[in-house]
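Here is the structure we will look at, set down as structure tokens.
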Amino acid sequence: MEKKGRIRFFSWIAMTAVFLAFAGGAAAETVEKRFEDLVLRYGARTEARAGAAEYRDALESRADRMSPYELWRSLFRPGTEPEKGAANALSLLSLLVKDGDPALWDTASGFFYPSETPKPLAAADAVYMAALYLLRMEEDMAGHLAASLFEGLLQSSRAKHFFLTTGPAEYDTLASEMTARGLLPSFGKWPESTVAGTLPFAAPVRGWVTYGRALSEDMVFLDGAGSPQSNGRYAWDRKRGRIYAVVEERDPFFIPWD
């Protein structure tokens, strides 16, 4: 458990204990029962997450030895076995994000060349595809690992915004599956999501679009490092699953993308 997480949890325990001291009768018994259930659930969850981390190390060692770009492409090949898909996705995540931790998604930066595919979006693909493959596996630890990856993504406010609360169509399927198995985040519920397109997030930069059109069609701008920003050199059309270079209307080399 991370240090900040422990501090928040035990601070909550202290506040709850004070409340119980002043509560009375049946109300106190009800609150105490809920508190005990929470402590047991939190302890079991923490133990499961620790086991999932060990399971991840073993699984990741089975990944194919190939370039990060090829690992990314391998995640979407039809007929990929769940164990191999999960291993390749976890390997890719470790190559793109500091410590392979989805909570540090913001550390992903740059593009795969020569395809000019944004690494930050590929890193988000790695989290999603790892979870999708893991939930198709029979081992209990695979499910806990899938949940821990998504909970890590929740800890990055920008990743949460771009990939969860505004997520692909696959998010609802994943959240429903994890909820049905009791694989929940610490606060007990996966966030609601507004659907925007489907996986994969990443794609090679192809074609051009004007700044005004990108803005009017609610495309997401990407900066020179491939990361979503309020403005940028590229426009990510989530609905169509495409990424364009942004040009001005007056650019003499402008070629409309459609």
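At a glance:
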{"item": "By average C-beta atoms within 10 angstrom, highest first, the peptides 120-128, 88-96, 53-61", "result": "120-128, 88-96, 53-61"}
{"item": "Alpha carbon Rg of region 205-247, scaled by the compact-globule rule 2.2 N^0.38 Å", "result": "0.95"}
{"item": "Rg/Rg_globular for region 111-258, with Rg_globular taken as 2.2 N^0.38 Å and Rg from C-alpha atoms", "result": "1.15"}
{"item": "Region 146-240 - percent of accessible surface contributed by carbon and sulfur, probe 1.4 Å", "result": "51 percent"}
{"item": "Accessible area per residue, Å², region 205-247 with all protein chains present, probe 1.4 Å", "result": "47 Å²"}
{"item": "Per residue value of the accessible surface for region 46-147 (all protein chains in place, 1.4 Å probe), Å²", "result": "43 Å²"}
{"item": "Proximal charge balance of M137 [Cβ under 13 Å; K/R count +1, D/E count -1]", "result": "-1"}
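The values are calculated or read from the model by the stated rules, or taken from the named source; none is laboratory data. Bear in mind that the values here come from a model prediction, so they are computed numbers and not experimental data. Positions of Cβ are generated from backbone atoms using ideal geometry, with glycine treated the same way; all protein chains shown enter the neighbour counts. In case anyone asks, the SASA skips ligands and DNA or RNA and just uses the protein heavy atoms, side chains included. Shrake-Rupley method; radii C 1.70, N 1.55, O 1.52, S 1.80 Å.
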